[in-house]
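The structure under discussion appears below in the form of C-alpha cells.
The values are calculated or read from the model by the stated rules, or taken from the named source; none is laboratory data. Please read these numbers as outputs of a predicted model, since none were measured by experiment. Virtual Cβ from ideal backbone geometry, glycine too; neighbours counted across all protein chains shown. Keep in mind that these areas ignore ligands, DNA and RNA; they rest on the heavy atoms of the full protein, side chains included. Shrake-Rupley method; radii C 1.70, N 1.55, O 1.52, S 1.80 Å.
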Amino acid sequence: MSKINTPTDAENIHQVFDWLWTSGQLSEDDIACLPALGIEAVINLAPPTSSNALPGEAELITLQGIAYVQIPVAWEQPELRQLDQFFGVLKAFEGRKVWVHCAKNMRVSAFVYLYRRMRLGDNKEDAAFPMREVWVPNETWQAFIRRALESKLPR
C-alpha cells in the first residue's frame with residue numbers, strides 16, 4: 001500500500017477531527033498533497049499582506065479542484081463578524097474535509113477553539129486542542145475569546 005504524502009512545510013500542523021486539519025501557511029508542495037487527503041476546501045484566515053503569504057495561493061488551490069475561502073483576520077483586531085463568517089463557511093462545507101490555515105496556526109487555533117466551544121459544545125479542555133499545542137493567546141486574543149463566548153453569535 002502506498003503512503004499518502006501529507007503536508008510537511010507548514011508550521012503547527014494538527015488534525016483536529018477526521019474532517020478538519022489546521023496549520024500555519026501552506027507551501028506549494030503542501031497544496032499539492034491536499035487532494036490525496038480528500039481535502040475539499042481550504043479556509044485562509046491570514047490577510048494577503050501576511051509576511052509569509054503564498055503569492056497565488058487561491059489559484060494554486062482552486063487548480064487542485066479545491067474550494068478556497070479567505071477571511072482576512074487582522075492579528076491585532078480580530079472581529080466577531082469574521083468568527084461568524086468562519087462558522088458559516090464550516091457549516092457550508094459540513095460533511096467535507098476542510099483545511100484551515102493562517103500564518104502560524106494562531107488565529108486558526110483560536111477560531112477552532114471557539115467553534116468547538118460555541119458550535120460543538122465541547123468542554124474547555126477538549127476544545128483547547130490544538131490551541132494549547134500552538135500558543136497561549138495574548139491579551140488581544142484572550143479578550144476576543146471572552147467577547148466571543150459572551151456574544152450573541154448563534155450557537
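A few remarks follow.
- Between 50, 109, 23, the GNM of the chain built on Cα springs shorter than 10 angstrom shows 50 fluctuating the most.
- Exposure rank, largest accessible area first [113, 68; 1.4 Å]: 68, 113
- When 120, 83, 54 are compared by accessible surface with a 1.4 Å probe, the order from highest to lowest is 120, 54, 83.
- Calculated over the stretch 75-134: convex hull of Cα atoms, volume per residue (Å³): 90 Å³
- Surface accessible to a 1.4 Å probe, residue 104 within the full protein complex, Å²: 90 Å²
- Proximal charge balance of residue 35 [Cβ under 14 Å; K/R count +1, D/E count -1]: -2
- For the stretch 1-118: span of alpha carbons on each principal axis (Å, largest first): 44, 30, 23
- Among 114, 45, 60, the largest mean-square fluctuation in a Gaussian network model of the chain, built with springs joining Cα atoms closer than 10 Å, belongs to 60.
- GNM flexibility winner over the chain from 110, 128, 92 (Cα, springs under 10 Å): 92
- Per residue, the chain exposes 51 Å² of solvent-accessible protein surface, assessed with a 1.4 angstrom probe and all protein chains in place.
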